1. So for the stretch 51-158, what are the equivalent ellipsoid semi-axes in whole Å, largest first, each being the square root of 5 times an eigenvalue of the Cα gyration tensor?
2. What ranking do 94-102, 205-213 get when scored by the average of other Cβ atoms within 10 Å per residue, highest first?
3. What is the Cα coordinate range of the stretch 104-145 on the first, second and third principal axes, sorted by size from largest, in whole angstrom?
4. Averaged over every viewing direction, what's the projected area of the C-alpha convex hull for the stretch 112-225? Give it in nm², one decimal, please.
5. Amide H of residue 167 versus every other amide H placed in the peptide plane: which residues, excluding those fewer than 5 positions away on the same chain, fall under 5 Å?
6. Report, ordered by chain and residue number, the lysines lying within cross-link reach of residue 100, taken as a straight Cα distance under 17 Å and ignoring same-chain residues fewer than 8 apart.
7. Please tell me which of these pairs span more than 21 angstrom C-alpha to C-alpha: 96/204; 129/192; 129/161?
8. Using label points projected 7 Å from each Cα along Cα→Cβ, tell me how many nm separate residue 127 and residue 151, to one decimal.
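Values in this text are rule-based calculations from the coordinates and carry no lab data. Because the structure is a prediction, the values reported are computed rather than measured. So basically every Cβ, Gly included, is an ideal-geometry build from the backbone, and we count neighbours across all protein chains shown.
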Amino acid sequence: MNMETLTEGWLLPIHGDIFVNEVNFSWKDMYIKVETSSFIACIIVCGGVIIMTLIDDNAVVLFQGDSITDAGRNRDNGADLGSGYVNLIASLFANKHDEKGVSFLNRGVGGNRVVDLEERWQADCLDLKPTWVSIYIGINDTPFRLEEYTSTYRKLMQQTKNQLNANFILIEPFVLPVNEQQKTWRKDLDPKIQAVRDLANEFKTLYVPLDGLFAAAATKTGPEYWAPDGVHPSAAGNALIANAWLQAVKA
């Protein structure tokens with residue numbers, strides 16, 4: 001079968017060998033793979049369709065960030081994922097793709113800024129040799145210089161790409177103002193959100209437009225439903241982040 005493009009959701013009917021954009025999808029047991037220049041996209045046979053996820057077999061997925069990523073994880077246990085969106089992502093992904101052998105690591109630290117990531121990047125990223133790095137940082141950088149935020153963020157990405165050739169998933173920071181003071185944060189936060197978008201474009205990464213997603217969701221419920229203090233997500237807010245992340249990786 002020949003197809004010019006993949007459809008929304010990466011669903012295709014199964015009819016023997018499949019060709020997509022000159023790439024051959026061929027049978028191997030119950031799984032088929034396609035190699036591209038940037039990653040190995042794995043396809044899973046499921047109830048008469050094939051579902052592509054961008055996360056490859058035996059991948060190591062590292063989450064980096066501040067307290068939203070940290071979510072109370074036990075830092076004495078390197079396998080602990082905390083109680084937030086990282087735990088949800090790992091649980092939902094493992095349930096759906098149990099055959100893939102993907103490992104998830106959480107190295108978020110509460111209160112961190114991007115310069116704090118830089119200080120611990122060797123031990124908490126490069127030494128772990130992740131194949132995917134998910135970065136969610138910025139709300140604590142709000143009152144600090146945009147140039148420092150952007151240049152440090154770029155440096156970490158370039159260093160990781162050069163040493164590990166890892167793939168990235170960037171999550172933009174958000175705020176859902178629940179008081180007048182938090183509304184003033186937008187002046188500093190919005191340029192940093194744009195900086196993350198620009199970095200995603202520069203490095204051609206996957207991207208989660210979280211600030212926009214939360215703003216849209218809050219129009220129906222009010223901001224407190226998703227983030228009671230305007231910054232830290234509720235259970236529903238963590239689920240929103242997890243679902244958006246999984247959608248970005250086609251899982």
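1. 25, 15, 13
2. Final packing ranking: 205-213, 94-102.
3. 32, 17, 16
4. Hull-based average projected area comes out at 7.3 nm².
5. Excluding prolines and chain starts, which carry no amide H, the hits are 132, 133.
6. 28, 33, 250
7. 96/204; 129/192
8. 2.7
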